[in-house]
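What follows is a short report on a single structure.
The values are calculated or read from the model by the stated rules, or taken from the named source; none is laboratory data. Worth saying up front: this structure is predicted, and the values here are computed from it rather than measured. Neighbour counts are summed over all protein chains in view; Cβ atoms, including those assigned to glycine, are modelled from backbone coordinates with ideal geometry.
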Amino acid sequence: MTSKINAFHHHFSRYLPNFPTMKVLLKQVRIICSASPLHNQVTDILIADGVINQVAANIDTPADRIVQAEDCCVSLGWMDVFAHFNDPGYEYKETLQTGAAAAAAGGFTDVLVIPNTNPALHTKSQIEYVNQKSASLPVRVHPIGAVTKQAEGNTLAEMYDMYDAGAKAFSDGTHTIQSPGILLKALQYVQAFDGLILQVPNDKSIGASGLINEGIVSTQLGLPGKPAIAEELMIARDIELLRYTGGRLHLTGISTARGIALVDAAKKEGLNLTCSVTPAHLLFCDEDLSSYNTNLKLLPPLRTAADREALRAALADGRIDCIATHHLPQDTDNKICEFEYAAYGMTGLETCFSAAITAGISAERFVTMQTAATRTILQLPIPQLAVGQQACLTLFQPAATVVYTAKQMHSRSGNSALLDRPMSGKALGIINGNHIILNSE
């Protein structure tokens, strides 16, 4: 495949200066935006000073930058609802700057970051810290406030103050709220401002020592198992609490067929419930752990091949609302070790689109989920791909073949099981206002 992105000569993505009158011309791009009358049209797009200036079949206006690539598509900017940027406290794994660079390289203009920092994002000042420190970044970073103090699950944090400071949702992140009484109070509390609670369903008291999915593979590998019921009981419990309290709840990291069925039944009942799946769970299953690859040590763990196929089907038909990358960077010491001692998680922002396309999800479905569905869940305004609107765009090649290498990655951590393997679908980068970040050859 041949492609060119003019004026980008550095091996990595680079930030272009914000010239007040800079013009960027996208040549012969296919618009993927099902809500737009321009959907599926191949056209030129002229962006001047960060605003969409013209959309036409052929634009000859001189431009400071010309972007042209084979089989290039453009959509509204993608949003992720669950990623860890580790700032403050764990900057050796990731920072707001490196996390934003990884997001932009993966095609994301907006990212919600979880509160599992040190200190946790559990006060108004911590939310303000993230908002202020990320204000100049090319990716909009939306902090998730902790439901409980220090995300420890014991005492409710001051969620209204955090909401007033700009928290877009509330969660204890990777720490599942174990106490039903705490979650009940939280669901009631956030209704005063129509807030959203995010939860990773995991009953820690079941299979507490489990390292991978409990089943045939865990027995063959001699590793303690984490049964699916630990997730499914928590889903059922959280649905019961939502039914009792009302409010809005998003369950992320759904990994079993039974979990999908529970969520789907609750939705049909009319509960305000949404859910997401990780790209890793769409692509891998527990059989892929035969090599004891610590980058595939995840929580929830990779389930069976049958569960993986059920996730793909539910994502395709809309029972699962969107993909959440669960971008969880880990330093080398936490991954280059025995499987038992390795930390959970892998990076996901840069490889999300490729993982989804390789798993059989259509580009149009992916775009709809990561542009409209994610923002609807968060009750955020959906950008428009129209003349006069600020550019909030992602460029990508659905049919491209891509091989990610450690050298190409922008995240500070390299804990990805997707390196050095051919995949389909390539994110080219973003145009977000005056910020233009595109991946070079």
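So, G106, is that one under 17 Å from the mean Cα position of the chain (by Cα) and in contact (Cβ under 8 Å) with a residue 12 or more places away in the chain or not? Reasoning before the result, please.
Numbers: under 17 Å from the mean Cα position of the chain (by Cα): yes; in contact (Cβ under 8 Å) with a residue 12 or more places away in the chain: yes.
Against the criterion (under 17 Å from the mean Cα position of the chain (by Cα) and in contact (Cβ under 8 Å) with a residue 12 or more places away in the chain), G106 qualifies.
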Enumerate the helices (runs of 4 or more DSSP H) found wholly within the stretch 270-385, keeping only those where 1 or more residues are more than 23 Å from T256 (Cβ to Cβ). 352-358, 363-368, 374-378
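Each row is one residue, and each column tells you yes or no for (1) surrounded by fewer than 16 Cβ atoms within 10 Å (Cβ to Cβ); (2) closer than 28 Å to Q54 by Cβ; (3) aliphatic (A, V, I, L, M); (4) within 16 Å of the chain's Cα centre (by Cα).
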{"site": "R375", "(1), (2), (3), (4)": "no, yes, no, yes"}
{"site": "L378", "(1), (2), (3), (4)": "no, no, yes, yes"}
{"site": "A391", "(1), (2), (3), (4)": "no, yes, yes, no"}
{"site": "L395", "(1), (2), (3), (4)": "no, yes, yes, no"}
{"site": "V403", "(1), (2), (3), (4)": "yes, no, yes, no"}
{"site": "A406", "(1), (2), (3), (4)": "yes, no, yes, no"}
{"site": "D420", "(1), (2), (3), (4)": "yes, no, no, no"}
Residues to consider are A343, A324, A314; find the one that is buried (at least 16 other Cβ atoms within 10 Å of the Cβ) and out of contact with any strand residue (DSSP E or B) (no Cβ under 9 Å at 6 or more places or on another chain). A343
Which count do you get for residues in the stretch 255-293 that are within 21 Å of the chain's Cα centre (by Cα), under 19 Å from K335 (Cα atoms) and hydroxyl-bearing (S, T, Y)? 0
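Condition check ((1) within 30 Å of L221 (Cα to Cα); (2) among the aliphatic types (A, V, I, L, M); (3) assigned by TED's automatic domain parsing to the domain that holds P301) across all residues:
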| position | (1), (2), (3) |
| --- | --- |
| Y344 | yes, no, yes |
| L349 | yes, yes, yes |
| A363 | no, yes, yes |
| T371 | no, no, yes |
| Q389 | no, no, no |
| L393 | no, yes, no |
Determine the pairs where a residue that is aromatic (F, W, Y), located within the stretch 254-273, has a partner that is in a helix (DSSP H, G or I) and buried (at least 17 other Cβ atoms within 10 Å of the Cβ) with Cβ atoms under 9 Å apart, the partner being 6 or more residues away or on another chain. none
Residue hits (the stretch 346-374; in contact with a strand residue (DSSP E or B) (Cβ under 6 Å, 6 or more places away or on another chain), over 22 Å from A406 (Cα atoms) and of a type outside the set (S, T, N, Q)) are A363, V367, M369, A373
Only unsatisfied item for S424, checking (1) farther than 18 Å from G106 by Cβ; (2) assigned to a strand (DSSP E or B), is (1)
Are any of the residues in the stretch 406-413 assigned to a loop (DSSP other than H, G, I, E, B), among the small types (G, A, S) and over 16 Å from I31 (Cβ atoms)? yes
The stretch 279-304 residues that are closer than 21 Å to I229 by Cα and not assigned by TED's automatic domain parsing to the domain that holds Y344, paired with ones that are crowded, with 21+ Cβ neighbours inside 10 Å and β-branched (V, I, T) (beta carbon under 9 Å, 6 or more apart): none
All positions within the stretch 100-133 that are in a helix (DSSP H, G or I) and touching a Gly at 6+ places or on another chain (Cβ under 7 Å): A104, A105, I127, N131
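Is it the case that the stretch 252-260 has a residue that's surrounded by fewer than 22 Cβ atoms within 10 Å (Cβ to Cβ), assigned by TED's automatic domain parsing to the domain that holds R308 and within 20 Å of A324 (Cβ to Cβ)? Quick ask: steps written out before the conclusion?
Filtering the stretch 252-260 for residues surrounded by fewer than 22 Cβ atoms within 10 Å (Cβ to Cβ) gives 257-258.
Now narrow it down to the ones that are assigned by TED's automatic domain parsing to the domain that holds R308: 257-258.
Retained after the next criterion (residues that are within 20 Å of A324 (Cβ to Cβ)): 257-258.
Within the stretch 252-260, one or more residues are surrounded by fewer than 22 Cβ atoms within 10 Å (Cβ to Cβ), assigned by TED's automatic domain parsing to the domain that holds R308 and within 20 Å of A324 (Cβ to Cβ).
Which of the residues belonging to the stretch 12-36 are within 23 Å of A102 (Cα to Cα), in a loop (DSSP other than H, G, I, E, B) and at pLDDT 90 or above?
Within the stretch 12-36, the first condition is being within 23 Å of A102 (Cα to Cα), and the residues that meet it are 12-18, 24, 26, 32.
Right, trim to in a loop (DSSP other than H, G, I, E, B) and you get 12-18, 32.
Scanning the stretch 12-36 gives a single hit, I32.
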Does P227 fit the bill of being free of Cβ contacts under 8 Å to residues at least 24 places away in the same chain and surrounded by 15 or more Cβ atoms within 10 Å (Cβ to Cβ)? yes
Of everything in the stretch 408-432 that's in contact (Cβ under 8 Å) with a residue 40 or more places away in the chain and among the charged types (D, E, K, R), which residue is nearest to I361 (Cα to Cα)? K426
Checking T219 against (1) assigned to a loop (DSSP other than H, G, I, E, B); (2) without any contact (Cβ under 8 Å) to a residue 24 or more places away in the chain; (3) among the hydroxyl-bearing types (S, T, Y), only one condition comes out false. Which one? (1)
Have a look at L271, L211 and point out the one that is of a type outside the set (S, T, N, Q), in contact with a Pro (Cβ under 6 Å, 6 or more places away or on another chain) and either farther than 21 Å from G153 by Cβ or surrounded by fewer than 19 Cβ atoms within 10 Å (Cβ to Cβ) (or both). L211
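Among residues belonging to the stretch 191-205 that are crowded, with 17+ Cβ neighbours inside 10 Å and touching a helix residue (DSSP H, G or I) at 6+ places or on another chain (Cβ under 7 Å), point out the one that is farthest from L328 (Cα to Cα). Walk me through it before giving the result.
First, pick out the residues of the stretch 191-205 that are crowded, with 17+ Cβ neighbours inside 10 Å: 195-203.
Now narrow it down to the ones that are touching a helix residue (DSSP H, G or I) at 6+ places or on another chain (Cβ under 7 Å): 195-197, 199, 201-203.
On the way: G195: 24, L196: 22, I197: 20, Q199: 16, P201: 17, N202: 17, D203: 20 Å.
So, considering only residues that are crowded, with 17+ Cβ neighbours inside 10 Å and touching a helix residue (DSSP H, G or I) at 6+ places or on another chain (Cβ under 7 Å), the one farthest from L328 (Cα to Cα) is G195.
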Report, by residue number, each residue of the stretch 70-102 that is touching a Pro at 6+ places or on another chain (Cβ under 8 Å) and at pLDDT below 95. D71
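Can you pull out every residue in the stretch 37-86 that is of a type in the set (D, E, K, R) and either part of a strand (DSSP E or B) or at positive phi (or both)?
Hits for the stretch 37-86 are D44, D49, R65, D71, D80.
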